[in-house]
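J.: Pasting in a structure now, in structure tokens, and then I'll have a few things to ask.
Every read-out reported here was derived from the displayed coordinates using simple, explicitly stated rules and does not represent laboratory data. Only a predicted model underlies this, so the values are computations on that prediction, with no experimental measurement involved. Here the Cβ positions follow ideal geometry from the backbone for every residue, glycine too, while neighbour counts run over all protein chains shown.
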Amino acid sequence: MVYIRAKKVKSDQYLYLVKSVWDSKKSTSKQEIVKYLGKASEVIKDDIPEEFRNDPKILSVLASYNPEDIKKREDATKKSKQQLFKKLTDGNLEECIKIYKNYVDIFNVPDFFDKILRPVMSKIGSDWANGKLAIATEHVASNVAQTLVKIIMEQVSGAGNKKKVMLCVPVGEEHHMGCDVLETYLTIKGFKVFNMGTSIPTDSIMEFISMKKPDVILISITIEDNVSAGQRLAKKIREYCKTPILIGGYALQQDNPPKFEGNVVGDMSLEEIPKIIRKIPLTN
């Protein structure tokens with residue numbers, strides 16, 4: 001494990017990139033310096049060795065010592081959201097890919113999903129619902145966004161040595177981008193992911209559960225009209241097996257979400273979902 005340590009010299013803080021190494025003779029771990037980074041307020045992302053440069057924890061520590069870096073990140077995030085909204089609604093996939101690449105050069109893939117794509121798609125959905133966007137524009141933006149996610153999915157990989165996670169949607173739910181985003185993010189985190197994606201009959205989902213025996217089942221619901229179908233699906237799964245069920249999605253972004261046979265996680269931050277999955281005990 002690699003992390004940042006600070007050392008105060010007189011009135012200034014200095015940062016070191018260190019790693020824990022096991023000392024077999026003393027049967028304990030010790031810290032070894034990977035790199036001296038310099039005065040805390042002056043250290044930037046490029047000072048971190050490339051293999052550790054996109055570690056969210058390391059970036060968070062850097063930002064906490066460097067106010068200018070915090071402002072830079074806030075400005076980059078705001079600008080990227082504005083650009084992505086425009087290019088998605090214009091139907092310009094090529095420019096959307098450029099925005100994604102430019103952003104992850106500064107941040108990382110999970111941040112792009114959580115801080116850029118999710119709020120932008122939420123705005124597109126609300127603007128359509130409020131009559132600010134034509135239905136054709138909303139469809140174009142959604143199709144381009146799904147293609148963008150598909151391209152990102154092809155570029156990521158994970159260790160695949162953690163719990164098996166099944167992603168699905170209820171019958172009638174045609175929006176599967178939430179599942180695609182989750183597949184990419186959870187794969188990065190090393191989970192084995194089965195993404196059912198598009199709407200399929202409930203019996204087929206039961207058959208898949210029987211064959212693959214996932215450790216956790218996530219049901220994604222985007223449209224409020226599909227909440228009842230999601231409740232029926234969750235109840236059917238619960239009658240069929242004891243596998244833990246999590247239900248989330250844009251349709252559950254409300255103060256009093258409907259009740260389900262399972263735990264409602266709503267439209268929470270992506271980084272919280274792996275934490276919840278890790279805490280769930282194995283049933284298979």
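J.: Need the full-extension length gain, Asp90 to Arg232, defined as separation in residues times 0.36 nm minus the C-alpha distance. One decimal, nm. Could you put the intermediate results ahead of the total?
T.: Details: separation 142, 0.36 × 142 = 51.12 nm, distance 3.73 nm.
My answer for the length gained is 47.4 nm.
J.: Compute the distance from the alpha-carbon center of segment 171-223 to that of segment 95-147, in whole Å.
T.: A separation of 21 Å, based on Cα centres.
J.: Which whole-number percent of Cα pairs in segment 1-105 have a distance greater than 23 Å? Please report the intermediate quantities before stating the final value.
T.: Working: 2424 of 5460 pairs.
Within segment 1-105, distances greater than 23 Å cover 44 percent of Cα pairs.
J.: So if I place +1 on the C-beta of Lys and Arg and -1 on the C-beta of Asp and Glu, and nothing else carries charge, what would the dipole magnitude of the chain be about its Cα centre? I want it in debye, nearest 20. Intermediate values should be presented prior to the final figure.
T.: Numbers: 44 positive and 37 negative charges, 269 e Å.
In debye, rounded to 20, the chain gives about 1300.
J.: According to the square roots a ≥ b ≥ c of the eigenvalues of the Cα gyration tensor, what is the shape class of segment 115-204, taking rounded for a/c under 1.5, prolate for a/b larger than b/c otherwise, and oblate for the remainder? Walk me through the numbers before you get to the answer.
T.: Values: a/c = 2.64, a/b = 1.56, b/c = 1.70.
Since a/c reaches 1.5 but b/c is at least a/b, the shape of segment 115-204 is classed as oblate.
J.: So, one more: Using the Cα atoms of the chain to build a convex hull, what is its mean projected area in square nanometres?
T.: Numbers: hull surface 73.4 nm².
That works out to 18.3 nm².
J.: Now for a different question. Can you compute 3J(HN,Hα) from phi for each residue in segment 241-246, using the Karplus curve 6.51 cos²θ - 1.76 cosθ + 1.60 with θ = phi - 60°, rounded to whole Hz and x for Gly and Pro?
T.: Using θ = phi - 60°, the values come out as 7, 9, 4, x, 10, 10 Hz.
J.: Going by alpha carbons, how many degrees (0 to 90, nearest 10) lie between the helix axis of 177-188 and the longest principal axis of the chain?
T.: Rounded to the nearest ten degrees, it is 40.
J.: Now for a separate question. For the charge dipole of the chain, defined by +1 on Lys and Arg C-beta atoms and -1 on Asp and Glu C-beta atoms about the Cα centroid, which residue among Ile217, Val2, Gly172 has the Cα displaced farthest towards the positive pole?
T.: Farthest towards the positive pole: Val2.
J.: Excluding Thr187 itself, what net charge comes from residues whose Cβ is under 14 Å from its Cβ, given Lys and Arg +1 and Asp and Glu -1? Don't skip to the answer; put the middle values down first.
T.: Details: positive: Lys150, Lys162, Lys163, Lys164, Lys189, Lys192; negative: Glu154, Asp180, Glu183.
Local charge sum for Thr187: +3.
J.: Would segment 169-216 count as rounded, prolate or oblate if I go by the C-alpha gyration tensor, calling it rounded below 1.5 in a/c and otherwise prolate when a/b exceeds b/c, oblate otherwise? Walk me through the intermediate numbers first.
T.: Details: a/c = 3.54, a/b = 1.20, b/c = 2.96.
Oblate.
J.: Which listed residue (Cys241, Val227, Ser64) has the Cα farthest towards the positive end of the charge dipole for the chain, taking +1 on Lys and Arg C-beta and -1 on Asp and Glu C-beta about the Cα centre?
T.: Ser64
J.: Can you give the angle from 0 to 90° between the axis of helix 93-106 and the longest principal axis of the chain, with both taken from C-alpha atoms, to the nearest 10?
T.: The angle comes out near 40 degrees.
J.: From the Cα gyration tensor of segment 165-265, with a ≥ b ≥ c the square roots of its eigenvalues, which class applies: rounded if a/c is under 1.5, or else prolate if a/b is larger than b/c, or else oblate?
T.: Working: a/c = 1.43, a/b = 1.14, b/c = 1.26.
It comes out rounded by the Cα gyration axes.
J.: Hey, another quick one. Using only Cα atoms and rounding to the nearest 10 degrees, what angle (0 to 90) does helix 56-65 make with the longest principal axis of the chain?
T.: 50
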